[in-house]
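Take a look at the structure below.
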Amino acid sequence: MKKILFIIFVVVAIVSNAQKVIPLYQGIAPGSESWNWEEKEIKVDIGSIVMDVSHPSLTAYVPPNPNGTAVIIAPGGAFHALAFDHEGTEVARRLNAKGVTAFVLKYRLVHDDPAHPENSIGTLMATGNFKKLDSLNAPVVPLAMQDGLNAVKYVRQHAAEYKIEPDKIGFMGFSAGGTLTMCVVYNATDENRPNFIAPVYPYEGAIIGSTVPSAKTPVFIACASDDDLGFATHSVHIYLKWLEAKQPAELHMFEKGKHGFGTKKQDLPVDTWMDRFTDWLKMHGLIK
């Protein structure tokens, strides 16, 4: 009986540690002092969707035997929502299986105002009004970028606590999260610059900055040629910028997969993109 209780205790301790939530700011996040709405979470077929984030945070997923590498994960959702499981927690768990410590980022989003249903992400996507979507997102993207930069700073400052090597911190994101990934790397200082990045089907139109860092910063890019939002060329452009800067670059452009493939199983080659990502991490000495 004591042995069973001990095993239960260990399992609970691991789960508790794996899901530690870390606020990125003490008090209100600068720039959103007037935001008074509550965060919302809804369940859909791909898992949890988070909206109305006003208190940015990291959720830590710590493997039993950390290998020294960390990845911050920014889920996508057009800066109006976060596909928190599909492009966040499930990715974290798969990285944990390789010994990588993962942090899923909740960054600030456009308010889902019930008084203006015409501005909801569902309406904007259904009508294809991407010009309006960009306009609504514009004031929030710099705030999300600051959240991403603070996330890297936090992980580097607390590297020893999580058994992370401070020069093995990566940042990856999906769609809007991929946009955020590029904003972070273009605007970082030595204090908050990721050591490697992985934008997955990123959107170029909202990226802040354009200068490839001079410090070695390998990039892994994945997208689908049939991306139904037309983002395939955006990934190619980033790849070419890295090549021109003589930075390490790897691009996987799958013929089929559509936009938002994330961790969804489609019985297509795109399902293996995370295998290619972990192969790449291994090549760079970030996992064994």
Semi-axes in Å, largest first, for region 216-266 (Cα gyration tensor, √(5λ)) are 22, 12, 7
For Ser225 and Lys265, what does the FRET efficiency come to when R0 = 25 Å and r is the distance between their Cβ atoms, rounded to the nearest 0.05?
0.85
Evaluate the relative contact order of region 67-206 (contact order divided by residue number), counting alpha-carbon pairs under 8 angstrom at least 6 apart; express in whole percent.
30
Pairs of alpha-carbon atoms within less than 8 angstrom and 6+ residues apart define the contacts here; what relative contact order does region 35-114 have, in percent?
38
To the nearest Å², the heavy-atom accessible area per residue of the chain with 1.4 Å probe amounts to 46
Pop the C-beta distance of Lys282 and Ile208 into the FRET formula with R0 = 41 Å and round what comes out to the nearest 0.05.
0.85
Computed label-point distance, nm, for sites Ser34 and Thr272 using a 7 Å Cα→Cβ extension
5.3
May I ask you to derive the relative contact order of the chain, considering only C-alpha pairs under 8 Å and at least 6 residues apart, and to give it as an integer percent?
15
Sparse-neighbourhood loop hits (GluC sites (Glu not before Pro), region 235-281; DSSP loop; Cβ within 10 Å at most 11 others) -> Glu255
Across the chain, what fraction of all alpha-carbon pairs, as a whole percent, falls in each successive 5 Å bin from zero upward?
1, 6, 12, 18, 19, 18, 13, 8, 4, 2, 1, 0, 0
About the Cα centre, and with charges only on the beta carbon of Lys, Arg (+1) and Asp, Glu (-1), how big is the dipole of region 78-195? Nearest 20 debye, please.
260
3J(HN,Hα) from dihedral phi, region 153-160, Karplus parametrisation 6.51/-1.76/1.60, rounded to Hz, x for glycine, proline
4, 4, 4, 5, 5, 10, 4, 4
Rounded to the nearest 0.05, FRET efficiency between Lys216 and Val44 (Cβ-Cβ, R0 45 Å) equals 0.70
Extension gain (nm, one decimal) between Glu191 and His158, 0.36 nm per residue minus Cα-Cα:
10.6 nm
With θ set to phi - 60°, apply the Karplus curve 6.51 cos²θ - 1.76 cosθ + 1.60 along region 223-229 and write out the HN-Hα couplings as whole Hz, x wherever there is a Gly or Pro.
7, 10, 4, 8, 3, 6, 9
Taking a ≥ b ≥ c as the square roots of the eigenvalues of the Cα gyration tensor of region 193-288, is the shape rounded (a/c under 1.5), prolate (a/b larger than b/c) or oblate?
oblate
Are there any trypsin sites (Lys or Arg not before Pro) in region 233-280 that are in a DSSP loop and have at most 13 other Cβ atoms within 10 Å? List them by number.
Lys246, Lys256, Lys265
Taking just the C-alpha trace of region 92-237, give me its Rg and Dmax in Å.
16.2, 48
How much length is gained on full extension from His55 to Phe130, taking 0.36 nm per residue of separation minus their Cα-Cα distance?
24.4 nm
Scan around Leu251 for amide H atoms under 5 Å from its own, H built in the peptide plane at 1.01 Å from N, and keep only partners 5 or more places away or cross-chain.
Ile221
Given a 1.4 Å probe and every protein chain left where it sits, what share in percent of the accessible area of region 33-159 is carbon and sulfur?
54
For a quick check of your reading of the filter: which GluC sites (Glu not before Pro) in region 25-105 sit in a DSSP loop and have no more than 11 other Cβ atoms within 10 Å?
Glu33, Glu38
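The values are calculated or read from the model by the stated rules, or taken from the named source; none is laboratory data. Only a predicted model underlies this, so the values are computations on that prediction, with no experimental measurement involved. Because the Cβ atoms are built from the backbone with ideal geometry, glycine has one as well, and the counts that use them run over all protein chains shown. To get the accessible areas, we keep the full protein, side chains included, count just its heavy atoms, and leave off ligands, DNA and RNA. Shrake-Rupley method; radii C 1.70, N 1.55, O 1.52, S 1.80 Å.
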